[in-house]
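None of the figures in this text is laboratory data; all of them are computed from the coordinates on show. This structure is a prediction, so every number in the text was calculated from the model and none was measured. Virtual Cβ from ideal backbone geometry, glycine too; neighbours counted across all protein chains shown.
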Amino acid sequence: MLFCGLQKTTLLDYPEHVAATVFLGGCNFRCPYCQNSDLLLDPASYAAYTKQDILSYLQKRKNILTGVCITGGEPTIYHDLPDFLAEVKELDYLVKLDSNGSNPFMLQTLYEQKLIDYVAMDIKSGPSDYLKVAGLTDPADHSTSYAFSDEMLARIRESVYFLMHETDEKRFTYEFRTTVVRELHSADTFREIGDWIKGAKRYFLQSYKESEQVLCPGFSAYSRMELEKFIEILKPNIPSVALRGVD
């Protein structure tokens, strides 16, 4: 497990909690608009902490922090994630996991072992464009993929179904979220997503932001007014949809 970053205090990453955010390196997706390209391309060179560094910090901050957000990269690529989260839970923290949903078995395991309290799962696009937007198809030939195919989309669907239908909302919270990119998403995208995750408890649209860390720079964002039109498309199927972090 590569511990590549630690945001020592955040009021944004874990709703309604003062939290720390742990960044794990490595990811099985290559979303071209990813803001953390350094964690994808060469994560080993950014491994700045050991597990004990993280746990020692959390031990010292127990009287101030109430939650820990585990993000990436993609945390569920690590088979030892449950062991690490068990140690975090021993410190009496609530745990929020950010995930692309590619490992439904890991999500189910963490839930069954009561190691996570909140999951924020990315919805990259509607199913028809999912592999392309997640960077899993060859841009020169969309009929092929880089070792990923419909099997990966099936995993994504399984994770969505698990969160929506098989978790106990009395003790567990989930949200879906989409980073909206003008060149990759359209009104049709959100009609398709609305039909797919109809009835979801929470769904947020986030605006794309250009930065030096973007994997493939050059994308652009929709305006607030345009994003609000997408909200109106979604509301008949997902009443709880909202914008997040939009200027």
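A few comments on the model shown:
- Relative contact order for the chain, counting Cα pairs under 8 Å that sit 6 or more residues apart, in percent: 18 percent
- Percent antiparallel among DSSP beta bridges (both partners in region 15-158, rounded to 5): 15 percent
- Shape category assigned to region 177-241 from the gyration tensor of Cα positions, a/c cut at 1.5: prolate
- Solvent-free Debye calculation, one equal scatterer per alpha-carbon of the chain: log10 I(q)/I(0) at 0.10, 0.11, 0.12, 0.18 Å⁻¹ equals -0.47, -0.57, -0.69, -1.59.
- Fully extending the segment from Q213 to T50, taken as 0.36 nm per residue of separation minus the present Cα-Cα distance, adds 56.3 nm.
- Neighbour net charge for S99 - beta-carbon separation under 9 angstrom, K R +1, D E -1: -3
- Inter-centroid distance (Cα atoms) of region 210-247 relative to region 172-204, Å: 10 Å
- Length added when fully stretched, L12-D150, from 0.36 nm per residue minus Cα-Cα: 46.3 nm
- Exposed loop sites here are chymotrypsin sites (Phe, Trp or Tyr not before Pro) assigned a DSSP state other than H, G, I, E or B and surrounded by at most 15 other beta carbons within 10 Å; excluding them, the longest clear run of the chain is 1-145.
- Three-way shape label, region 21-101, alpha-carbon gyration tensor, a/c 1.5: prolate
- Full extension of the chain segment joining R202 with Y161 gains 13.4 nm, where the gain is 0.36 nm per residue of separation less the Cα-Cα distance.
- Here K114 is the anchor, and the lysines within straight C-alpha reach of less than 21 Å, apart from those fewer than 8 places off in the same chain, are K51, K62, K89, K96, K170, K201.
- Whether region 109-247 is rounded, prolate or oblate, judged on the alpha carbon gyration tensor where a/c under 1.5 counts as rounded: oblate
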